Amino acid sequence: MISRIDKDHSRFREIVRGKIRKNLRKYISRGDLMSRKGKETVAIPMPSIDIPRFTLGGNQRSGVGQGDGEPGDPVGPGQGDGQAGAGQAGEGEGQKSLEVEVTLDELAEILGEELGLPRIEPKGTESLDTQKDRYISLRNTGPESLRSFKATFKRALRRQLASGTYEAGRPIIVPVREDKRFRSWRTDPKPQSNAVIIYMMDVSGSMGDEQKEIVRIESFWIDTWLRSQYQGLESRYIIHDATARVVEREVFFRTRESGGTMISSAYKVCAELIEREFPANTWNVYAFHFSDGDNWSVDDTATCINLLRNTLLPACNQFGYGQVESPYGSGQFIKDIRAAFPSEEKLVTSEVTGKDDIMDSIREFLKGGR
């Protein structure tokens with residue numbers, strides 16, 4: 001029976017994965033998906049899916065749900081005319097919806113399969129050493145919180161059988177102190193590749209709520225994929241208009257500011273952050289900058305290009321620039337950096353005109369496997 005249940009559950013999960021893959025572009029463009037995110041899972045809405053359920057067999061004998069009557073006949077007393085507190089009955093079929101919990105690792109795997117993303121090979125030889133406790137054996141002493149019920153029960157049963165005190169008609173097992181067994185653990189080092197994502201976003205007056213929502217969605221999916229490739233991934237967030245600063249995640253996604261735009265301010269803060277906290281020889285660094293392409297001046301764009309060429313690109317596994325279309329932005333910046341770096345593999349650029357382009361932009365950023 002257990003084997004059959006496992007088989008049915010596995011088949012159900014495959015149906016769910018198929019539905020997600022089929023509608024992945026729609027799910028990626030949905031901003032409300034992140035609001036369903038838990039610590040390790042995301043609730044995916046499934047509007048139409050065949051749910052395993054019990055069905056009535058072919059037994060014609062009397063019993064619950066059988067006997068005289070036709071489908072739809074009232075069952076039991078108390079069936080009145082339905083006017084007390086009742087509203088007008090509808091004639092159409094109700095919309096059925098189900099939310100299925102999917103782990104972030106599963107979501108990343110589906111994303112990688114659908115977009116054809118290669119696995120990432122971390123650079124560097126150093127790693128973070130974390131510790132993980134593993135329960136590997138049993139012992140005779142320990143705290144009650146680690147007592148193994150199964151092992152204790154088996155030990156007590158064996159003792160009572162051997163001593164002749166076990167009664168088949170009254171099968172009561174009473175463990176004594178010598179029967180108790182406790183789980184024993186070992187602490188193992190768990191190496192983790194050092195990796196950090198640095199997100200930068202233009203929050204000047206030309207970046208509206210729609211543009212920031214696109215950045216929020218795309219950052220979520222990039223983050224989901226990279227976290228599936230690294231254990232213990234770090235994240236940092238930088239916002240900028242004419243000046244830049246490091247902020248918390250909540251501020252990054254919710255801030256509303258205005259003013260001019262000086263992109264070099266963000267690149268300088270990013271370079272300082274890498275030098276101070278994430279040295280390139282031991283860390284896998286990913287930087288993503290999102291803007292509408294409007295910059296203060298040609299001179300500031302030249303400063304950005306110098307920072308990219310001399311500082312940021314040498315330190316990063318990859319630097320991604322995503323330009324979000326805005327009715328108020330000039331869109332010039334992406335043209336300038338493409339002209340400055342026509343064949344630089346570490347620099348990946350992407351243009352996003354709306355939410356429907358997010359999936360293609362993610363593929364462009366992550367397809368290199370760096």
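The values are calculated or read from the model by the stated rules, or taken from the named source; none is laboratory data. Keep in mind that what you see is a predicted model, and the values were worked out from it rather than measured. Virtual Cβ from ideal backbone geometry, glycine too; neighbours counted across all protein chains shown.
Name the one entry in G142, G116 that is modelled with pLDDT of 65 or more, more than 16 Å from the chain's Cα centre (by Cα) and crowded, with 16+ Cβ neighbours inside 10 Å.
Unique residue meeting the criteria: G142.
At least 2 residues that are modelled with pLDDT of 85 or more in each: list the strands (runs of 3 or more DSSP E) lying fully within region 146-257 that qualify. Don't jump to the end; show me each part of the working.
Values: elements: 182-193, 195-202, 234-240, 244-247.
The qualifying strands (runs of 3 or more DSSP E) are 195-202, 234-240, 244-247.
Hey, can you tell me all the residues within region 316-342 that are in contact (Cβ under 8 Å) with a residue 60 or more places away in the chain and of a type in the set (F, W, Y)?
Within region 316-342, Y328, F333 qualify.
If we scan region 280-303, do we find a residue that is part of a helix (DSSP H, G or I), in contact with a Cys (Cβ under 6 Å, 6 or more places away or on another chain), closer than 18 Å to V348 by Cα and of a type outside the set (S, T, Y)? I'd like the intermediate steps shown before the answer.
Step one: filter region 280-303 for residues part of a helix (DSSP H, G or I), giving 298-303.
If we keep only those that are in contact with a Cys (Cβ under 6 Å, 6 or more places away or on another chain) as well, we get none.
No, there is no match, as no residue in region 280-303 is part of a helix (DSSP H, G or I), in contact with a Cys (Cβ under 6 Å, 6 or more places away or on another chain), closer than 18 Å to V348 by Cα and of a type outside the set (S, T, Y).
Among the candidates G329, G293, which residue alone is at positive phi and modelled with pLDDT under 95? Walk me through how you get there before you give the answer.
Numbers: G329 fails: at positive phi.
From the options G329, G293, the qualifying one is G293.
Name the residue that is nearest to N194 (Cα to Cα), counting only residues in region 258-279 that are assigned to a helix (DSSP H, G or I) and of a type in the set (A, V, I, L, M). Working first, answer last.
Narrowing region 258-279 to residues assigned to a helix (DSSP H, G or I): 263-277.
Retained after the next criterion (residues that are of a type in the set (A, V, I, L, M)): 263, 266, 269, 271, 273-274.
Working: I263: 27, A266: 23, V269: 20, A271: 17, L273: 15, I274: 13 Å.
Per the criteria, the residue is I274.
Per-residue answers, yes or no, for (1) closer than 25 Å to V246 by Cα; (2) surrounded by 20 or more Cβ atoms within 10 Å (Cβ to Cβ):
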site: F278; (1), (2): yes, no
site: H289; (1), (2): yes, yes
site: G293; (1), (2): yes, yes
site: D299; (1), (2): yes, no
site: T303; (1), (2): yes, no
site: F319; (1), (2): yes, yes
site: F333; (1), (2): yes, yes
site: K355; (1), (2): no, no
site: G369; (1), (2): no, no
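Consider region 316-332. How many of its residues are more than 18 Å from K212 (Cα to Cα) and in contact with a strand residue (DSSP E or B) (Cβ under 9 Å, 6 or more places away or on another chain)? Before you say what the answer is, go through the steps one by one.
Applying the first criterion (more than 18 Å from K212 (Cα to Cα)) to region 316-332 yields 316-319, 332.
Right, trim to in contact with a strand residue (DSSP E or B) (Cβ under 9 Å, 6 or more places away or on another chain) and you get 316-319.
Going through region 316-332 one residue at a time, the tally reaches 4.
Which of (1) touching a residue at least 12 places away in the same chain (Cβ under 8 Å); (2) surrounded by fewer than 19 Cβ atoms within 10 Å (Cβ to Cβ) does E272 not meet, given it meets every other one?
In the conditions (1) touching a residue at least 12 places away in the same chain (Cβ under 8 Å); (2) surrounded by fewer than 19 Cβ atoms within 10 Å (Cβ to Cβ), E272 misses (1) alone.
Quick one: E345 ticks every box in (1) under 23 Å from E210 (Cα atoms); (2) without any contact (Cβ under 8 Å) to a residue 40 or more places away in the chain bar one, so which box is it?
(1)
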